[in-house]
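Visitor: Okay, handing you the structure first.
Each value in this text was obtained by applying a stated rule to the coordinates, not by laboratory testing. This one's a predicted model, so the numbers in the text were calculated from it and none came from an experiment. Cβ placement follows ideal geometry from the backbone for every residue including glycine, while neighbour counts extend to all protein chains displayed.
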Amino acid sequence: MDLASYIRNIPDFPRPGIQFKDITTLLKDRDAFRETIDRLVELFRNQNVELIVGIEARGFIIGAPLAYHLGCGFVPVRKKGKLPAATLAKTYDLEYGSATLEIHRDAIQRGQRVLIVDDLLATGGTTKAVCEMVEELGGNIVGVGFVIELEALKGREKLTPHRVYSLVRL
């Protein structure tokens, strides 16, 4: 199945010059969504993942069913102010501004094998910030997985030395 054909382009969103990759068209198609999760399961089935860290918000949509199929826990990384317990925060740059993400300080035990998941790898700033938080909490990152990778933006380079996996490269 050509997953790229299920991804819609939205020009000039969220600002002029940005070509937004919309996965809602992939998610609403039961076969494409199932294929997406199944392919990710196959990539990580033998990596002894203990926790999946999903990045708000589309990383939750991908990460939760992946955690279910891999038989591991799920940890949400949320926008600032959305988590109720003590958090670790990280501010990072986006292609079009900056943002702050938070994770619960007790979400990861030292040495746990963690897979970080999101829908899209662009410049890598968001995921790099999440990697830094996971490592600060003592997690061992076994990989970083995406549905889409925008190769021209070279986000993969920011994530070195972690293994990066993507299903669709555009």
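Visitor: Under 20 Å from the 7 Å Cα→Cβ point of L170, by amide nitrogen: which residues of the stretch 25-46?
Guide: 25-40
Visitor: If you don't mind, there's one more thing I want to ask. Given R₀ = 25 Å, FRET efficiency for R113-Q19 by Cβ-Cβ distance, to 0.05?
Guide: It comes to 0.10.
Visitor: Here is a follow-up. 5 Å is the cut-off here: which amide hydrogens, built 1.01 Å from N in the peptide plane, fall below it relative to V53, excluding neighbours closer than 5 in sequence?
Guide: Hits under the 5 Å cutoff: V75, L115, I116, V117.
Visitor: Taking K and R as +1 and D and E as -1, what net charge do the other residues with C-beta under 14 Å from the C-beta of H162 add up to?
Guide: 0
Visitor: Distance between Cα centroids, the stretch 93-114 to the stretch 15-91: provide it in whole Å.
Guide: Using only Cα atoms to place each centre, the spacing works out to 13 Å.
Visitor: Could you count how many Lys pairs in the chain have their Cα atoms under 28 Å apart, skipping same-chain pairs fewer than 8 positions apart?
Guide: Summing the qualifying lysine pairs gives 25.
Visitor: By its C-alpha gyration tensor, with a ≥ b ≥ c as the square roots of the eigenvalues, how is the chain shaped: rounded for a/c under 1.5, else prolate for a/b larger than b/c, else oblate?
Guide: oblate
Visitor: Using r as the Cβ-Cβ distance of E151 and K82, and R0 as 41 Å, what FRET efficiency do you calculate, to the nearest 0.05?
Guide: Computed FRET efficiency for E151 and K82 comes out at 0.85.
Visitor: Highest GNM mean-square fluctuation, the chain, Cα pairs closer than 10 Å: which of L51, L120, L43?
Guide: L43
Visitor: In debye to the nearest 20, how big a dipole does the stretch 1-45 give about its Cα centre with +1 on each Lys and Arg Cβ and -1 on each Asp and Glu Cβ?
Guide: That gives the stretch 1-45 a dipole magnitude of about 140 debye.
Visitor: Add -39500 (n - 2.57) for each DSSP H run of 4 or more in the chain, then divide by its residues: what number comes out at 222 nm, to the nearest 500 deg cm²/dmol?
Guide: -8000 deg cm²/dmol
Visitor: Between Y68 and R39, what length comes free when the chain is fully extended (0.36 nm per residue of separation minus the Cα-Cα distance, one decimal in nm)?
Guide: This chain segment gains 9.0 nm when fully extended.
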